[in-house]
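Taking it in order: structure first as C-alpha coordinates, then the write-up.
The values are calculated or read from the model by the stated rules, or taken from the named source; none is laboratory data. This one's a predicted model, so the numbers in the text were calculated from it and none came from an experiment. For neighbour counting, all protein chains shown are included, and Cβ atoms are generated from backbone atoms with ideal geometry for every residue, glycine included. The accessibility values were calculated without ligands, DNA or RNA, using every heavy atom of the protein model including side chains. Shrake-Rupley method; radii C 1.70, N 1.55, O 1.52, S 1.80 Å.
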Amino acid sequence: MPYHGSARRFLESASIDVGDTVRVEKPDVTYEGMVLDRADDADDRHIVLKLKNGYNIGVEISDAKIELIERGSEPKIELPPVDVSEDPNLPDVSIISTGGTVASIIDYRTGAVHPAFTADDLLRANPELLDMANIRGKAVLNILSENMKPEYWVETARAVYREIDDGADGVVVAHGTDTMHYTSAALSFMLQTPVPVVLTGAQRSSDRPSSDASLNIQCSVRAATSDIAEVTVCMHATMDDLTCHLHRGVKVRKMHTSRRDTFRSINALPLAEVTPGDIKILDDDYRRRGSCELELHDRVEERVALIKSYPGMSPEIIEWHLERGYRGLVMEGTGLGHCPDTLIPVLREAHDMGVPVAMTSQCLNGRVNMNVYSTGRRLLQAGVIPCADMLPEVAYVKMCWVLGQTDEPEGVREMMMDNIAGEINERTSIAYFRG
(Lines give C-alpha, C1' and ligand atoms only; values in the text may rest on other atoms or scores of the structure.)
Protein backbone atom coordinates (compact mmCIF):
# COMPACT_ATOMS: atom_id res chain seq x y z
CA MET A 1 0.00 0.00 0.00
CA PRO A 2 1.25 3.56 -0.58
CA TYR A 3 0.69 4.53 3.07
CA HIS A 4 3.93 5.43 4.83
CA GLY A 5 5.17 6.70 8.16
CA SER A 6 2.82 6.69 11.14
CA ALA A 7 -0.31 6.14 9.02
CA ARG A 8 1.15 2.91 7.70
CA ARG A 9 2.17 1.77 11.19
CA PHE A 10 -1.32 2.67 12.46
CA LEU A 11 -2.90 0.30 9.94
CA GLU A 12 -0.28 -2.42 10.32
CA SER A 13 -0.74 -2.44 14.11
CA ALA A 14 -4.19 -3.93 13.54
CA SER A 15 -3.19 -5.97 10.45
CA ILE A 16 -5.41 -3.82 8.26
CA ASP A 17 -4.94 -3.28 4.54
CA VAL A 18 -6.57 -1.24 1.80
CA GLY A 19 -10.06 -2.61 1.11
CA ASP A 20 -10.78 -3.72 4.67
CA THR A 21 -13.87 -2.38 6.44
CA VAL A 22 -12.96 -0.83 9.79
CA ARG A 23 -14.27 1.13 12.74
CA VAL A 24 -12.16 4.13 13.80
CA GLU A 25 -12.90 5.59 17.22
CA LYS A 26 -11.76 9.03 18.33
CA PRO A 27 -12.63 10.73 21.62
CA ASP A 28 -15.63 12.57 20.15
CA VAL A 29 -16.60 10.64 17.01
CA THR A 30 -16.65 7.16 15.46
CA TYR A 31 -16.35 6.33 11.77
CA GLU A 32 -17.04 3.10 9.89
CA GLY A 33 -15.92 2.58 6.34
CA MET A 34 -13.57 0.98 3.84
CA VAL A 35 -9.88 1.87 3.90
CA LEU A 36 -8.98 3.45 0.57
CA ASP A 37 -5.73 3.71 -1.29
CA ARG A 38 -4.12 7.13 -1.40
CA ALA A 39 -1.40 9.03 -3.24
CA ASP A 40 2.24 8.32 -2.44
CA ASP A 41 2.84 11.95 -1.56
CA ALA A 42 -0.04 12.20 0.92
CA ASP A 43 0.88 13.10 4.50
CA ASP A 44 1.37 10.34 7.08
CA ARG A 45 -1.13 11.60 9.68
CA HIS A 46 -4.37 10.57 7.96
CA ILE A 47 -6.06 7.50 6.57
CA VAL A 48 -8.85 7.68 3.98
CA LEU A 49 -12.18 5.92 4.47
CA LYS A 50 -15.12 5.43 2.14
CA LEU A 51 -18.26 5.79 4.29
CA LYS A 52 -21.48 3.85 3.71
CA ASN A 53 -23.09 6.97 2.20
CA GLY A 54 -20.51 6.88 -0.62
CA TYR A 55 -18.44 9.86 0.49
CA ASN A 56 -14.72 9.72 1.25
CA ILE A 57 -13.17 11.33 4.34
CA GLY A 58 -9.70 11.71 5.76
CA VAL A 59 -9.36 10.67 9.42
CA GLU A 60 -6.52 12.09 11.51
CA ILE A 61 -4.97 9.16 13.41
CA SER A 62 -3.86 10.89 16.63
CA ASP A 63 -5.92 9.70 19.63
CA ALA A 64 -7.63 7.14 17.38
CA LYS A 65 -8.28 3.44 17.80
CA ILE A 66 -8.95 1.17 14.83
CA GLU A 67 -10.85 -2.14 14.72
CA LEU A 68 -11.25 -4.55 11.82
CA ILE A 69 -14.89 -5.21 10.96
CA GLU A 70 -14.54 -7.19 7.76
CA ARG A 71 -11.59 -8.31 5.70
CA GLY A 72 -11.73 -7.15 2.09
CA SER A 73 -11.68 -9.56 -0.83
CA GLU A 74 -9.11 -9.61 -3.61
CA PRO A 75 -9.37 -6.38 -5.65
CA LYS A 76 -11.01 -7.04 -8.98
CA ILE A 77 -13.70 -5.59 -11.17
CA GLU A 78 -16.28 -8.16 -12.21
CA LEU A 79 -18.39 -6.86 -15.05
CA PRO A 80 -20.87 -8.82 -17.15
CA PRO A 81 -20.07 -9.35 -20.82
CA VAL A 82 -21.63 -6.91 -23.25
CA ASP A 83 -22.66 -7.68 -26.79
CA VAL A 84 -21.07 -4.86 -28.77
CA SER A 85 -21.89 -6.23 -32.22
CA GLU A 86 -23.02 -3.48 -34.55
CA ASP A 87 -26.70 -2.94 -35.26
CA PRO A 88 -27.10 -1.73 -38.87
CA ASN A 89 -30.27 0.12 -37.87
CA LEU A 90 -28.45 2.34 -35.35
CA PRO A 91 -26.16 5.32 -36.01
CA ASP A 92 -22.42 5.08 -35.32
CA VAL A 93 -21.17 7.34 -32.51
CA SER A 94 -17.51 7.69 -31.52
CA ILE A 95 -16.65 8.61 -27.95
CA ILE A 96 -13.24 10.25 -27.60
CA SER A 97 -11.75 10.64 -24.13
CA THR A 98 -9.35 13.40 -23.15
CA GLY A 99 -9.57 12.63 -19.42
CA GLY A 100 -12.01 13.47 -16.65
CA THR A 101 -14.46 11.24 -14.81
CA VAL A 102 -17.50 11.06 -17.09
CA ALA A 103 -16.32 7.87 -18.82
CA SER A 104 -15.06 5.82 -15.89
CA ILE A 105 -15.64 2.51 -14.17
CA ILE A 106 -15.30 1.80 -10.46
CA ASP A 107 -13.49 -0.80 -8.38
CA TYR A 108 -16.14 -1.06 -5.68
CA ARG A 109 -13.74 -2.83 -3.30
CA THR A 110 -11.36 0.12 -3.02
CA GLY A 111 -13.52 2.90 -4.40
CA ALA A 112 -10.92 3.71 -7.04
CA VAL A 113 -12.15 5.21 -10.30
CA HIS A 114 -10.48 3.89 -13.45
CA PRO A 115 -10.60 5.54 -16.89
CA ALA A 116 -12.89 3.71 -19.31
CA PHE A 117 -11.46 4.29 -22.76
CA THR A 118 -12.77 1.35 -24.76
CA ALA A 119 -16.22 0.75 -26.20
CA ASP A 120 -16.53 -2.33 -23.97
CA ASP A 121 -15.80 -0.26 -20.85
CA LEU A 122 -18.23 2.48 -21.80
CA LEU A 123 -21.03 0.05 -22.56
CA ARG A 124 -20.49 -1.92 -19.38
CA ALA A 125 -20.69 1.27 -17.35
CA ASN A 126 -23.62 2.63 -19.43
CA PRO A 127 -25.47 -0.31 -21.04
CA GLU A 128 -28.31 2.04 -22.01
CA LEU A 129 -26.09 3.30 -24.84
CA LEU A 130 -26.64 -0.01 -26.66
CA ASP A 131 -30.15 1.11 -27.55
CA MET A 132 -28.98 4.48 -28.91
CA ALA A 133 -26.01 3.84 -31.18
CA ASN A 134 -23.12 1.64 -32.17
CA ILE A 135 -20.35 2.92 -29.89
CA ARG A 136 -16.67 3.25 -30.68
CA GLY A 137 -14.35 4.34 -27.86
CA LYS A 138 -10.90 5.85 -28.12
CA ALA A 139 -8.45 7.60 -25.77
CA VAL A 140 -6.76 10.67 -27.21
CA LEU A 141 -5.44 12.19 -23.99
CA ASN A 142 -5.53 11.32 -20.31
CA ILE A 143 -5.03 14.63 -18.53
CA LEU A 144 -6.69 16.84 -15.98
CA SER A 145 -8.47 19.56 -17.91
CA GLU A 146 -6.53 22.34 -16.16
CA ASN A 147 -3.51 20.97 -18.02
CA MET A 148 -5.13 21.53 -21.43
CA LYS A 149 -3.22 23.75 -23.85
CA PRO A 150 -3.57 24.77 -27.50
CA GLU A 151 -1.51 21.87 -28.84
CA TYR A 152 -3.96 19.48 -27.13
CA TRP A 153 -6.90 21.31 -28.73
CA VAL A 154 -5.26 20.56 -32.06
CA GLU A 155 -4.73 16.92 -31.16
CA THR A 156 -8.37 16.58 -30.11
CA ALA A 157 -9.66 18.34 -33.24
CA ARG A 158 -7.63 16.01 -35.45
CA ALA A 159 -9.00 12.98 -33.60
CA VAL A 160 -12.58 14.21 -34.08
CA TYR A 161 -11.87 14.87 -37.75
CA ARG A 162 -10.56 11.32 -38.24
CA GLU A 163 -13.62 9.78 -36.61
CA ILE A 164 -16.01 11.78 -38.81
CA ASP A 165 -13.92 11.09 -41.90
CA ASP A 166 -14.08 7.38 -40.98
CA GLY A 167 -17.87 7.43 -41.05
CA ALA A 168 -19.00 8.41 -37.54
CA ASP A 169 -22.53 9.84 -37.50
CA GLY A 170 -21.65 11.85 -34.40
CA VAL A 171 -18.78 12.31 -31.94
CA VAL A 172 -18.83 12.71 -28.17
CA VAL A 173 -15.74 14.15 -26.47
CA ALA A 174 -15.36 13.23 -22.79
CA HIS A 175 -13.55 16.10 -21.07
CA GLY A 176 -12.83 17.49 -17.62
CA THR A 177 -15.24 20.29 -16.76
CA ASP A 178 -12.84 23.04 -15.64
CA THR A 179 -11.70 24.02 -19.15
CA MET A 180 -14.32 22.28 -21.27
CA HIS A 181 -15.65 25.60 -22.59
CA TYR A 182 -12.19 26.54 -23.87
CA THR A 183 -11.95 23.26 -25.80
CA SER A 184 -15.50 23.53 -27.13
CA ALA A 185 -14.62 26.99 -28.48
CA ALA A 186 -11.39 25.70 -30.03
CA LEU A 187 -13.17 22.83 -31.79
CA SER A 188 -15.89 25.23 -32.96
CA PHE A 189 -13.30 27.32 -34.82
CA MET A 190 -11.12 24.45 -36.05
CA LEU A 191 -13.84 22.16 -37.35
CA GLN A 192 -16.51 22.62 -39.96
CA THR A 193 -18.53 19.52 -39.24
CA PRO A 194 -21.47 17.90 -41.06
CA VAL A 195 -22.36 15.87 -37.93
CA PRO A 196 -22.81 16.69 -34.23
CA VAL A 197 -19.73 17.02 -32.02
CA VAL A 198 -20.73 17.00 -28.34
CA LEU A 199 -18.47 17.67 -25.35
CA THR A 200 -19.50 16.35 -21.96
CA GLY A 201 -18.07 15.79 -18.51
CA ALA A 202 -19.02 15.12 -14.91
CA GLN A 203 -19.01 17.44 -11.93
CA ARG A 204 -19.13 14.51 -9.51
CA SER A 205 -17.20 11.31 -9.95
CA SER A 206 -18.76 7.97 -10.71
CA ASP A 207 -18.15 6.62 -7.19
CA ARG A 208 -20.55 9.17 -5.65
CA PRO A 209 -24.30 8.61 -5.34
CA SER A 210 -24.87 12.12 -6.71
CA SER A 211 -22.73 11.55 -9.82
CA ASP A 212 -23.96 13.24 -12.98
CA ALA A 213 -21.80 11.10 -15.27
CA SER A 214 -24.41 8.60 -16.48
CA LEU A 215 -27.10 11.10 -17.50
CA ASN A 216 -24.56 13.38 -19.15
CA ILE A 217 -23.04 10.62 -21.30
CA GLN A 218 -26.44 9.22 -22.27
CA CYS A 219 -27.81 12.63 -23.24
CA SER A 220 -24.62 13.42 -25.14
CA VAL A 221 -24.90 10.27 -27.23
CA ARG A 222 -28.53 11.16 -27.92
CA ALA A 223 -27.44 14.66 -28.99
CA ALA A 224 -24.74 13.11 -31.21
CA THR A 225 -27.48 11.34 -33.18
CA SER A 226 -29.50 14.56 -33.63
CA ASP A 227 -29.71 17.05 -36.49
CA ILE A 228 -27.65 19.70 -34.65
CA ALA A 229 -24.36 19.55 -36.57
CA GLU A 230 -22.31 21.94 -34.46
CA VAL A 231 -19.81 21.71 -31.63
CA THR A 232 -21.83 21.75 -28.42
CA VAL A 233 -21.59 21.07 -24.69
CA CYS A 234 -24.12 18.74 -23.05
CA MET A 235 -24.46 18.86 -19.26
CA HIS A 236 -27.15 18.77 -16.55
CA ALA A 237 -29.88 21.39 -17.04
CA THR A 238 -30.84 21.39 -13.34
CA MET A 239 -29.60 19.87 -10.10
CA ASP A 240 -32.03 16.97 -10.67
CA ASP A 241 -31.29 13.91 -12.81
CA LEU A 242 -33.97 14.76 -15.35
CA THR A 243 -32.61 16.60 -18.38
CA CYS A 244 -29.49 18.08 -19.90
CA HIS A 245 -29.04 21.29 -21.85
CA LEU A 246 -27.20 21.38 -25.15
CA HIS A 247 -25.16 24.58 -25.34
CA ARG A 248 -23.45 26.08 -28.39
CA GLY A 249 -19.72 25.55 -27.93
CA VAL A 250 -18.86 29.26 -28.18
CA LYS A 251 -21.69 30.51 -25.95
CA VAL A 252 -21.22 28.38 -22.84
CA ARG A 253 -19.34 28.80 -19.59
CA LYS A 254 -18.77 26.93 -16.34
CA MET A 255 -20.50 29.09 -13.72
CA HIS A 256 -20.24 27.15 -10.45
CA THR A 257 -17.47 25.11 -8.86
CA SER A 258 -19.57 22.08 -7.92
CA ARG A 259 -23.22 22.30 -9.01
CA ARG A 260 -24.25 19.72 -11.55
CA ASP A 261 -25.96 22.41 -13.66
CA THR A 262 -22.80 24.52 -13.70
CA PHE A 263 -22.73 25.03 -17.49
CA ARG A 264 -24.92 27.87 -18.73
CA SER A 265 -25.45 29.49 -22.09
CA ILE A 266 -24.34 33.16 -21.88
CA ASN A 267 -26.00 35.81 -24.07
CA ALA A 268 -27.90 32.96 -25.74
CA LEU A 269 -30.45 30.25 -25.16
CA PRO A 270 -29.40 26.61 -24.98
CA LEU A 271 -29.91 24.99 -28.35
CA ALA A 272 -31.92 22.10 -26.91
CA GLU A 273 -33.16 20.25 -23.87
CA VAL A 274 -32.06 16.62 -23.97
CA THR A 275 -33.10 13.41 -22.26
CA PRO A 276 -31.77 9.94 -23.09
CA GLY A 277 -34.89 9.38 -25.18
CA ASP A 278 -35.67 12.73 -26.76
CA ILE A 279 -34.50 16.19 -27.81
CA LYS A 280 -36.59 19.35 -27.50
CA ILE A 281 -35.25 22.22 -29.63
CA LEU A 282 -35.09 25.55 -27.79
CA ASP A 283 -33.31 27.61 -30.47
CA ASP A 284 -33.71 26.48 -34.09
CA ASP A 285 -30.92 28.72 -35.41
CA TYR A 286 -28.31 26.00 -35.82
CA ARG A 287 -26.42 24.24 -38.60
CA ARG A 288 -28.23 21.13 -39.83
CA ARG A 289 -26.69 17.70 -40.30
CA GLY A 290 -25.13 17.27 -43.72
CA SER A 291 -25.32 20.97 -44.64
CA CYS A 292 -21.55 21.40 -45.04
CA GLU A 293 -18.45 19.43 -45.97
CA LEU A 294 -16.00 18.28 -43.31
CA GLU A 295 -13.07 20.67 -42.96
CA LEU A 296 -10.23 21.05 -40.46
CA HIS A 297 -8.36 24.31 -39.89
CA ASP A 298 -6.05 23.43 -37.02
CA ARG A 299 -3.21 25.96 -37.05
CA VAL A 300 -3.03 27.96 -33.81
CA GLU A 301 -0.71 30.50 -32.21
CA GLU A 302 0.06 29.62 -28.58
CA ARG A 303 1.67 32.96 -27.65
CA VAL A 304 -1.59 34.69 -26.74
CA ALA A 305 -2.47 36.05 -23.28
CA LEU A 306 -5.83 36.63 -21.60
CA ILE A 307 -5.33 39.56 -19.19
CA LYS A 308 -7.84 40.77 -16.62
CA SER A 309 -8.11 44.51 -16.04
CA TYR A 310 -8.31 45.65 -12.44
CA PRO A 311 -7.99 48.92 -10.47
CA GLY A 312 -4.37 50.01 -10.16
CA MET A 313 -3.15 47.67 -12.90
CA SER A 314 0.35 48.56 -14.06
CA PRO A 315 1.28 49.00 -17.73
CA GLU A 316 4.31 46.85 -16.92
CA ILE A 317 2.08 43.78 -17.18
CA ILE A 318 1.40 44.53 -20.84
CA GLU A 319 5.04 45.47 -21.43
CA TRP A 320 6.16 42.14 -19.94
CA HIS A 321 4.09 40.21 -22.48
CA LEU A 322 5.35 42.29 -25.39
CA GLU A 323 8.98 41.88 -24.33
CA ARG A 324 8.53 38.11 -24.25
CA GLY A 325 7.19 37.87 -27.76
CA TYR A 326 3.48 37.37 -27.24
CA ARG A 327 1.69 37.63 -30.57
CA GLY A 328 -1.79 38.59 -29.34
CA LEU A 329 -3.50 39.97 -26.22
CA VAL A 330 -7.11 39.70 -25.08
CA MET A 331 -8.20 42.12 -22.36
CA GLU A 332 -10.98 41.17 -19.98
CA GLY A 333 -12.07 44.73 -19.41
CA THR A 334 -14.55 46.29 -17.04
CA GLY A 335 -18.11 47.25 -17.94
CA LEU A 336 -18.58 48.15 -21.59
CA GLY A 337 -14.94 47.35 -22.36
CA HIS A 338 -12.64 49.58 -20.35
CA CYS A 339 -9.29 49.48 -18.58
CA PRO A 340 -7.25 52.10 -16.69
CA ASP A 341 -6.19 55.12 -18.78
CA THR A 342 -2.57 54.37 -17.90
CA LEU A 343 -2.70 51.23 -20.07
CA ILE A 344 -3.76 53.00 -23.25
CA PRO A 345 -0.26 54.12 -24.39
CA VAL A 346 1.20 50.60 -24.07
CA LEU A 347 -1.83 49.09 -25.82
CA ARG A 348 -1.28 51.56 -28.66
CA GLU A 349 2.37 50.49 -28.70
CA ALA A 350 1.28 46.83 -28.99
CA HIS A 351 -0.92 47.74 -31.96
CA ASP A 352 1.93 49.64 -33.63
CA MET A 353 4.18 46.58 -33.13
CA GLY A 354 1.65 44.41 -34.98
CA VAL A 355 0.40 42.70 -31.81
CA PRO A 356 -3.42 42.73 -31.91
CA VAL A 357 -5.28 43.60 -28.72
CA ALA A 358 -8.94 42.58 -28.32
CA MET A 359 -11.37 43.81 -25.65
CA THR A 360 -14.06 41.77 -23.85
CA SER A 361 -16.02 42.39 -20.65
CA GLN A 362 -15.80 40.86 -17.20
CA CYS A 363 -19.56 41.27 -16.95
CA LEU A 364 -20.03 38.25 -19.24
CA ASN A 365 -23.68 39.09 -19.93
CA GLY A 366 -24.23 41.96 -22.35
CA ARG A 367 -21.77 43.29 -24.90
CA VAL A 368 -18.79 45.56 -25.31
CA ASN A 369 -19.61 49.08 -26.51
CA MET A 370 -16.51 51.27 -26.58
CA ASN A 371 -18.23 54.28 -28.15
CA VAL A 372 -20.13 55.34 -25.02
CA TYR A 373 -17.38 56.75 -22.78
CA SER A 374 -14.15 58.58 -23.50
CA THR A 375 -11.96 55.70 -22.28
CA GLY A 376 -13.55 53.33 -24.74
CA ARG A 377 -13.17 55.79 -27.60
CA ARG A 378 -9.48 56.29 -26.77
CA LEU A 379 -9.00 52.51 -26.73
CA LEU A 380 -10.59 52.28 -30.18
CA GLN A 381 -8.27 55.02 -31.42
CA ALA A 382 -5.34 52.99 -30.01
CA GLY A 383 -6.35 50.10 -32.27
CA VAL A 384 -8.06 47.87 -29.69
CA ILE A 385 -10.52 45.41 -31.29
CA PRO A 386 -14.03 45.35 -29.73
CA CYS A 387 -15.36 41.81 -29.28
CA ALA A 388 -19.12 42.48 -29.08
CA ASP A 389 -20.71 39.84 -26.81
CA MET A 390 -17.92 37.27 -27.03
CA LEU A 391 -16.98 35.63 -23.75
CA PRO A 392 -13.40 36.41 -22.66
CA GLU A 393 -12.39 32.74 -22.91
CA VAL A 394 -13.88 32.47 -26.38
CA ALA A 395 -12.09 35.62 -27.55
CA TYR A 396 -8.81 34.22 -26.21
CA VAL A 397 -9.30 30.91 -28.05
CA LYS A 398 -10.41 32.74 -31.18
CA MET A 399 -7.31 34.96 -31.11
CA CYS A 400 -5.11 31.83 -30.86
CA TRP A 401 -6.93 30.38 -33.85
CA VAL A 402 -7.09 33.57 -35.94
CA LEU A 403 -3.34 34.15 -35.56
CA GLY A 404 -2.86 30.62 -36.86
CA GLN A 405 -4.72 31.60 -40.02
CA THR A 406 -3.16 35.03 -40.66
CA ASP A 407 -0.66 37.43 -39.13
CA GLU A 408 -1.74 40.37 -41.30
CA PRO A 409 -3.10 43.05 -38.89
CA GLU A 410 -6.20 43.99 -40.87
CA GLY A 411 -6.93 40.32 -41.53
CA VAL A 412 -6.75 39.59 -37.79
CA ARG A 413 -9.08 42.51 -37.02
CA GLU A 414 -11.62 41.42 -39.65
CA MET A 415 -11.63 37.80 -38.50
CA MET A 416 -11.90 38.73 -34.80
CA MET A 417 -14.94 40.91 -35.57
CA ASP A 418 -16.51 38.36 -37.94
CA ASN A 419 -19.08 35.88 -36.62
CA ILE A 420 -17.41 32.58 -37.55
CA ALA A 421 -19.00 29.94 -35.30
CA GLY A 422 -21.93 31.69 -33.65
CA GLU A 423 -19.72 33.44 -31.08
CA ILE A 424 -21.18 36.88 -31.86
CA ASN A 425 -24.82 37.88 -31.72
CA GLU A 426 -25.97 40.91 -33.69
CA ARG A 427 -28.03 41.91 -30.69
CA THR A 428 -27.89 40.79 -27.06
CA SER A 429 -31.29 40.38 -25.46
CA ILE A 430 -31.76 41.02 -21.75
CA ALA A 431 -33.97 37.92 -21.80
CA TYR A 432 -30.83 35.78 -21.93
CA PHE A 433 -29.57 37.11 -18.59
CA ARG A 434 -29.74 34.63 -15.73
CA GLY A 435 -28.85 36.19 -12.42
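Each residue of the stretch 216-230 in order: what ³J(HN,Hα) in whole Hz does its phi give by Karplus 6.51 cos²θ - 1.76 cosθ + 1.60, θ = phi - 60°, with x for Gly and Pro?
4, 6, 5, 5, 5, 5, 4, 5, 5, 9, 7, 8, 8, 8, 9
Report the far tail of the P(r) of the stretch 332-431, meaning the percent of Cα-Cα pairs longer than 21 Å.
29
Antiparallel versus total DSSP beta bridges in the chain: what percent is that, nearest 5?
Beta bridges within the chain, antiparallel portion: roughly 60 percent.
Which whole number of Å³ per residue matches the convex hull of the alpha-carbon atoms in the stretch 178-261?
Cα convex hull per residue, to the nearest whole number: 81 Å³.
When the chain is treated as a GNM, springs tying every alpha-carbon pair under 10 Å, which of GLN203, GLN405, GLN381 comes out with the largest mean-square fluctuation?
Per the Cα network of the chain with a 10 Å cutoff, GLN381 tops the list.
At 222 nm, what helix-only mean residue ellipticity would the chain give, in deg cm²/dmol to the nearest 500, using -39500 (n - 2.57) for each DSSP H run of four or more?
The per-residue figure over the chain is -7000 deg cm²/dmol.
Residues of the stretch 220-364: accessible area per residue at 1.4 Å, in Å²?
I get 43 Å² per residue for the stretch 220-364.
Based on the Kirkwood radius over alpha-carbon pairs, what value in µm²/s does the Stokes-Einstein equation return for the translational diffusion coefficient of the stretch 283-342 at 4 °C and 1.567 mPa s?
86
Hey, can you grab everything whose amide H is under 5 Å from the amide H of ILE385? Only 5+ residues off in sequence or another chain; H modelled, so Pro and N-termini drop out.
HN-HN under 5 Å from ILE385: VAL357, ALA358, MET359.
What is the chain's relative contact order, in percent, from Cα pairs under 8 angstrom and six or more apart in sequence?
Over the chain, the number comes to 11 percent.
Give or take rounding to whole Å, what are the principal axis extents of the alpha carbon atoms in the stretch 180-325, in descending order?
55, 41, 28
So what are the three principal axis dimensions of the chain from its Cα atoms, in whole Å, longest to shortest?
Largest to smallest, the principal-axis extents are 74, 58, 38 Å.
If a/c stays under 1.5 just call it rounded; otherwise compare a/b with b/c (prolate if a/b is bigger, oblate if not). Do that for the stretch 119-258, with a ≥ b ≥ c from the square roots of the Cα gyration tensor eigenvalues.
Verdict is rounded for the stretch 119-258.
Can you order the peptides 182-188, 220-226 by their average number of other Cβ atoms within 10 Å per residue, highest first?
The peptides rank, most packed first, as 182-188, 220-226.
Report ³J(HN,Hα) in whole Hz for each residue of the stretch 243-255, in order, from the Karplus equation J = 6.51 cos²θ - 1.76 cosθ + 1.60 where θ = phi - 60°; Gly and Pro get x.
9, 10, 9, 9, 9, 4, x, 10, 10, 10, 8, 6, 10
Report the relative contact order of the stretch 177-229, percent, no decimals, based on alpha-carbon pairs under 8 angstrom and at least 6 residues apart.
37
By accessible area of protein heavy atoms, probe 1.4 Å, what ranking do ARG248, ARG303 get, highest first?
Greatest to least solvent exposure: ARG303, ARG248.
What's the longest uninterrupted piece of the chain once you rule out the GluC sites (Glu not before Pro) that are loop residues per DSSP with at most 16 other Cβ within 10 Å?
87-292
How big is the accessible area of TRP401 in square angstrom, nearest 10, if you roll a 1.4 angstrom probe over the protein chains?
TRP401 exposes around 20 Å² with every protein chain in place.
Specify the inter-centroid distance of the stretch 265-341 and the stretch 391-421, based on alpha-carbon positions, in whole Å.
10
Keeping all protein chains in position, work out how much accessible area VAL355 exposes to a 1.4 Å probe, and write it in Å² to the nearest 10.
Estimated to the nearest 10 Å², VAL355 gives 0 Å².
Stokes-Einstein diffusion coefficient for the stretch 343-397 at 37 °C in a medium of 0.692 mPa s, Rh from the Kirkwood formula over Cα pairs: what value in µm²/s?
In µm²/s, the coefficient rounds to 285.
Taking H as built 1.01 Å from N, whose amide H comes closer than 5 Å to the amide H of VAL173, not counting residues under 5 places away?
Long-range HN contacts for VAL173: ILE96, VAL198, LEU199, THR200.
Read phi for every residue in the stretch 11-18 and hand back ³J(HN,Hα) as whole Hz from Karplus 6.51 cos²θ - 1.76 cosθ + 1.60, θ = phi - 60°, with x for Gly and Pro.
So the J values, rounded to whole Hz, are 6, 5, 4, 10, 6, 10, 10, 4.
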